[in-house]
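Values quoted throughout were computed directly from the atomic coordinates according to the rules given, and no laboratory measurement underlies them. Predicted, not measured: the structure shown is a model, and the values here were computed from it. Reconstructed Cβ throughout: ideal geometry from the backbone, glycine too, with neighbour counts over all protein chains shown.
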Amino acid sequence: MEKSKYEKHFSEDSFWNKIGKYAKEAGTKVVYSGLILYYAVQSPNTPLKSKIQIYGALGYLILPLDLVPDFLPVVGYVDDLGALGLAIAATAMSIDDNVKQQAKDKITGFFGPDILNNQDIIDVDSQIVDEEKEGESTPEK
């Protein structure tokens, strides 16, 4: 299986450093999406093909100079969110309730318990459910 060109930029230390340092600037949707994917890649239920896609998206998130540099106010994380969203869409069948709960437990440490009612969290969870339903209705190739 071919590695993503961004996969080599992923490491657990770099991931936690980026999330911890830039959580507020990146916003809840980016952080929650990143956490969902981080915990999905740790899950034994996630197939290798999905893990490779996830490592690529997380590597892209960690990379400071990407398509839209992260240091640019407001727009700096738009491309990262796109990469994370594509990885979530491609791997939604591997994202179970345990993965979502781990991500929710962790994000409350960054933003407080009220964050779980934030529309961004609800949107990401809805995307996962929608992709799961679409995956169930699509015949395998």
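Run the quick spin-label model on GLU25 and ILE122: label points 7 Å from Cα toward the beta carbon, then report their separation in nm to one decimal.
Between GLU25 and ILE122, the label points sit 3.0 nm apart.
Could you list, bin by bin from short to long, the percent of Cα-Cα pairs of the stretch 7-136 in 5 Å steps?
2, 12, 23, 26, 21, 12, 4, 0
Could you list LEU48, LEU37 in order of exposure, starting from the residue whose Cβ has the fewest other Cβ atoms within 10 Å?
With the sparsest Cβ surroundings first, the list reads LEU48, LEU37.
How much length is gained if the chain between SER137 and ASP13 is pulled fully straight, taking 0.36 nm per residue apart and subtracting their Cα-Cα distance, in nm to one decimal?
Taking 0.36 nm per residue and subtracting the Cα distance, the gain is 40.8 nm.
From the cross-link list LYS18/LYS133; LYS24/LYS106; LYS24/LYS49; LYS21/LYS51; LYS21/LYS133; LYS49/LYS100, which pairs have alpha carbons spaced over 23 Å apart?
Correct reply: LYS18/LYS133; LYS24/LYS49; LYS21/LYS51; LYS21/LYS133.
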